[in-house]
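K.L.:
Sharing a structure with you now.
Read the figures in this text as sums done on the coordinates, not as results from a lab. Just so it is clear, the model here is predicted, and its values are computed rather than measured. Here Cβ is always computed from backbone atoms with ideal geometry, including for glycine, and neighbour counts include all displayed protein chains.
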Amino acid sequence: MSDNKVINFQAKREENIEKKRRSFERICFNNFMGAYSVIESDGYSYPINMVDISKDGLSFNVPWNEKTDTKIKLGEDLKLKFYFTKGSYIPVIVTIRHSALTEGADGVTYMQYGCEFDKSMHSFKAMEQFINFIYAFSEYSVVDNGEMKSLFI
């Protein structure tokens with residue numbers, strides 16, 4: 001007897017797009033865009049490591065020392081600056097929704113925070129366009145395998 005298995009090509013396609021999106025995010029976060037968090041009560045800015053971003057929120061982590069660091073409370077709002085050039089950024093406000101200790105591939109302990117965007121901020125419109133670009137790039141980009149083709153004839 002034959003085994004009737006149905007292959008869901010749409011699910012596989014979406015899985016591949018998600019992998020490309022996360023890979024592209026890493027490139028953007030590590031090489032192109034800086035994000036700095038400003039905790040207003042301290043008046044102090046410190047860099048964060050972006051992990052993931054979506055239309056609803058983002059996650060980031062910070063190196064964690066249990067003896068000296070204080071956990072950001074659930075429900076607390078943070079102002080984030082997403083730098084696209086050395087001197088200009090898009091400000092957004094996020095609300096902390098969850099946190100967890102994680103260990104990075106580098107062996108360092110991190111506190112990872114999951115946040116929700118405050119979409120009522122006017123500046124979120126620009127951030128939303130950036131997020132849309134990441135999604136579109138993930139869906140429509142093609143991997144360069146080195147083949148030479150003339151695009152302009």
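K.L.:
Counting Lys and Arg as +1 and Asp and Glu as -1, what is the net charge of the other residues whose Cβ lies under 10 Å from the Cβ of THR95? Kindly include the intermediate steps, with their values, before the conclusion.
P.N.:
Details: positive: ARG97; negative: GLU76, ASP77, GLU116, ASP118.
That works out to -3.
K.L.:
Could you list the GluC sites (Glu not before Pro) in region 56-106 that lie in coil according to DSSP, counting only those with at most 13 other Cβ atoms within 10 Å of their Cβ?
P.N.:
On the way: sites: GLU66, GLU76, GLU103; in loops: GLU66, GLU76.
Hits after loop and neighbour filter: GLU66.
K.L.:
How about region 47-153: which trypsin sites (Lys or Arg not before Pro) there are in a DSSP loop, with at most 11 other Cβ atoms within 10 Å of their Cβ? If you can, show how the numbers build up before the last one.
P.N.:
Details: sites: LYS55, LYS67, LYS71, LYS73, LYS79, LYS81, LYS86, ARG97, LYS119, LYS125, LYS149; in loops: LYS55, LYS67, LYS71, LYS73, LYS86, LYS119, LYS149.
Answer in residue order: LYS67, LYS73, LYS86, LYS149.
K.L.:
Here's another thing I want to ask about it. Below 15 angstrom from the Cβ of PHE117, what's the summed charge of the other residues (Lys, Arg +1; Asp, Glu -1)?
P.N.:
-1
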